[in-house]
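The values are calculated or read from the model by the stated rules, or taken from the named source; none is laboratory data. Predicted model, so just to flag it, every value in this text is computed and none were measured. Please note: Cβ atoms are built from the backbone with ideal geometry, for glycine as well, and neighbour counts cover all protein chains shown. Quick note on the areas: whole protein, heavy atoms, side chains included, nothing else; ligands and nucleic acids left out. Shrake-Rupley method; radii C 1.70, N 1.55, O 1.52, S 1.80 Å.
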Amino acid sequence: MTMAKVFRSPARHGYAVEVSPFIPNRVACAASQYYGIAGCGTLLVLDETETGVALVRSWEWSDGLFDVAWSEANEHVLVAGGGDGSLQLWDTNNHSAPLRVAKEHTQEVYAVDWSQTRGENLIVSGSWDQTAKVWDPALSRSLTTLRGHEGVIYSTIWSPHIPGCFASASGDGTLRVWDVKSAVCRLAIPAHKAEILSCDWCKYDQNIVVTGSVDCTVCMWDLRNVRQPVNQMHGHAYAIRRVKFSPFSKTVLASCSYDFTVRFWDLSRNQPLLDTVEHHSEFVCGLDFNLHIPNQVTHKNTCSDNTVCFFFYATS
């Protein structure tokens, strides 16, 4: 691992970070005061420069912000999920208020994602109210509400391959796959015996999904045969907060944890652990690969050191 650049956000506790699909050096970060329990939230847009990390734009929100996603159609637009049950649509050209606010969830919105498949422009949100909602890109109204989870929804991720399909991970220990057009759950996998805090699709195989759980394991699932995971990674000492597949390799993924570490895995190796990053002093909650620069990763931590870090990881 090569340490790179750090941005500090005092009195803000980070929950999510996402690299822009359009601008190679730009990221968005969702953060909250007081660990999201009380106080306001802040949405940050940052640019990595030759000498460090520069603040491009920041907005304040009346409640904590827990997730963020960039539009796949407009480089200036992004959506955030809030502790007040709202989704807000923001524009980097607008310095003050959000373009639109939608509030249909009755509890915290902990997950948002913007669809990536060609010809589709939808947002999905997951909430502590145990529902997932699908929205048009203007957030004018929700198009459908999907029910089935029996616990908090922590993660909702669109399939990069199949239009109208997303996966969700929940505190009920299940990974679910949803068909938006039919508004039904196509697959419910009892993936862990503990809460699942994150899931992600493989960018190269429509049948592969990874989950990260409070049980400290990362599990890879083949949706064609879900009786048991095809791979299980051990190494984290505490709950796994986020998992992400690499956009450049079908076998490489990353996980970050409440054990203060980020770990990189290569499933093609007998010993899959590639690298462990241990420079944070508190929980690591957000993680994303740069879509434009191979092996560059950005991650955001919560609690006292309040940092966003850009670095490159080792591949061998």
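Odds and ends about this structure:
- For TYR110, residues with placed amide H under 5 Å, excluding near neighbours: GLY126, SER127, TRP128
- For the range 125-133, Karplus couplings with θ = phi - 60° (6.51, -1.76, 1.60), whole Hz, Gly/Pro x: 10, x, 10, 5, 7, 6, 10, 10, 10
- If the segment from ASP136 to HIS292 were pulled out straight at 0.36 nm per residue, it would be longer than the present Cα-Cα gap by 53.5 nm.
- Surface calculation, 1.4 Å probe, protein heavy atoms: ILE23 sits at approximately 30 Å² accessible.
- Listed residues TRP70, TRP59, TRP265, most fluctuating in the chain (Gaussian network, C-alpha, under 10 Å): TRP59
- Area of LEU187 that stays accessible when all protein chains are in place (1.4 Å probe, Å², to 10): 50
- Seen from ILE189, the other residues with C-beta closer than 13 Å to its C-beta sum to a net charge of +3, counting Lys and Arg as +1 and Asp and Glu as -1.
- The range 137-287 shape via C-alpha gyration tensor axes, a/c threshold 1.5: prolate
- Look at the Cα gyration tensor of the range 68-184: its axes a ≥ b ≥ c give a/c of at least 1.5 with a/b at or below b/c, and that counts as oblate.
- Theoretical FRET efficiency, 1/(1+(r/R0)^6), r = Cβ-Cβ of LYS181 and PHE248, R0 35 Å, to 0.05: 0.70
- C-alpha center-to-center spacing [the range 83-115, the range 208-254] in angstrom: 28
- With every protein chain in place, the chain: carbon and sulfur % of accessible area (1.4 Å): 48
- Selection among TRP90, TYR154, ALA80 by position relative to the dipole of the chain gives TYR154 as farthest towards the positive end (Cβ unit charges, Cα centre).
- Using a Gaussian network model of the chain in which every pair of alpha carbons under 10 angstrom is joined by a spring, one finds that among VAL56, VAL124, VAL209 the greatest mean-square fluctuation is at VAL56.
- The chain shape via C-alpha gyration tensor axes, a/c threshold 1.5: rounded
- Think of a 1.4 Å ball rolled over the protein heavy atoms: the range 170-246 then has 43 Å² of accessible area per residue.
- Residue among VAL210, VAL101, VAL109 with the largest mean-square fluctuation in a Gaussian network model of the chain, springs linking Cα atoms under 10 Å: VAL101
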